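Heads up: the structure comes next, in structure tokens.
The values are calculated or read from the model by the stated rules, or taken from the named source; none is laboratory data. This structure is a prediction, so every number in the text was calculated from the model and none was measured. Here the Cβ is made from the backbone with ideal geometry for all residues, glycine too, and neighbour counts use every protein chain on show.
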Amino acid sequence: MYSIVGVGKGVKNLMQCFDQYKEYKTFYLDEEALGNFSSMADYENNFPTTTIRKTLKSITKNSEVLYVLEGGDPITGATLRILEVIKRAKTTVLYVVPDRDILTDQEKYNESLTFRALQDIARCGDLEQIILVDLNRVEMFLGDIPLENYDAILAHNIVNTFAMLNYFDHIDPVKTTKKKLPDAVRISTIGILSPDDEECMFYDLQWVKDKEYCYGVTDEDMKKSSLLREIRNKIKKSNKDTRCYYSIYSIESDQVQKFLRTHTDICQTRNEKIDAATP
């Protein structure tokens with residue numbers, strides 16, 4: 001079973017969506033579990049190690065873990081301590097980039113610090129990968145969202161995309177050209193292909209080195225002789241500086257589902273003036 005560890009109120013809606021999948025066991029850590037402090041340093045220095053070890057005791061050496069957080073919240077100061085508790089597991093980070101325009105200066109500093117640190121940790125190989133998701137970009141692709149369902153709809157689309165790609169990772173493809181990524185290529189994002197094949201990536205990843213197109217194909221579409229040609233033509237139109245692959249999976253659905261993953265080994269950067277800010 002895949003374990004999902006979420007930290008802070010910013011990912012509560014995501015965790016509620018993950019709860020709907022029987023394949024996932026969720027652990028939501030909020031102020032009740034980690035304490036109520038005003039700074040990242042306080043969350044790190046007052047980390048309840050014994051309590052969290054008991055909470056996460058089912059996560060072992062062979063476990064697969066997704067650690068979910070949204071940048072900016074002081075509670076993310078507990079991140080390194082939590083990752084230390086589950087260090088034997090195969091851990092991927094899902095990092096949610098908040099709307100930075102509404103953050104305070106302190107929150108921007110917190111977010112930039114966490115954003116950089118987790119990418120460095122991933123590149124060193126201490127994480128399987130870090131997946132970056134920008135809420136503003138997800139909202140842009142979804143269009144007008146009713147206010148009463150805003151958070152739930154955003155969360156559903158992020159979680160569903162991750163869950164489908166994770167499902168593909170655990171079944172055999174019908175056909176694939178996928179190759180093992182270079183060891184340092186661990187900074188990633190995910191996205192979808194729209195019905196008219198527009199690439200809707202959940203983060204504007206720069207310096208992309210590898211791109212994978214993932215197709216969940218119905219039994220009916222699997223019979224179409226033009227399918228493979230369409231997929232190959234799509235790849236040919238991609239940036240020639242990017243290594244492109246495709247994978248085709250058989251799914252039970254009434255329509256083809258199309259997803260993407262892009263990867264790089266280069267840490268993403270922020271505006272230098274913001275990064276240089278001090279609390």
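Here Asp183 meets the list (1) in a helix (DSSP H, G or I); (2) within 21 Å of Gln119 (Cα to Cα); (3) modelled with pLDDT under 95 almost entirely, failing just condition (1). Have a look at Ile59, Ile52, Ile75 and point out the one that is assigned to a loop (DSSP other than H, G, I, E, B), in contact with a strand residue (DSSP E or B) (Cβ under 8 Å, 6 or more places away or on another chain) and β-branched (Val, Ile, Thr). Only one candidate qualifies: Ile59. From the list Ile145, Ile251, Ile153, Ile158, the one residue that fits, being outside the structural domain of Asp99 (by TED's automatic domain parsing) and at negative phi, is Ile251. Every condition in (1) outside any loop (DSSP other than H, G, I, E, B); (2) more than 24 Å from Thr26 (Cβ to Cβ); (3) touching a Gly at 6+ places or on another chain (Cβ under 7 Å) holds for Met164 except the one numbered (2).
Restricted to strands (runs of 3 or more DSSP E) entirely inside the stretch 199-269, those with at least 3 residues that are under 24 Å from the mean Cα position of the chain (by Cα) and either acidic (Asp, Glu) or at pLDDT below 95 (or both) are 210-217, 243-250.
The requirement of being of a type in the set (D, E, K, R), surrounded by 19 or more Cβ atoms within 10 Å (Cβ to Cβ) and either assigned by TED's automatic domain parsing to the domain that holds Tyr28 or under 25 Å from Lys54 (Cα atoms) (or both) is not satisfied by Lys90. Can you confirm whether the stretch 34-43 contains a residue that is in a helix (DSSP H, G or I) and either modelled with pLDDT under 95 or under 20 Å from the mean Cα position of the chain (by Cα) (or both)? No: the stretch 34-43 contains no residue that is in a helix (DSSP H, G or I) and either modelled with pLDDT under 95 or under 20 Å from the mean Cα position of the chain (by Cα) (or both).
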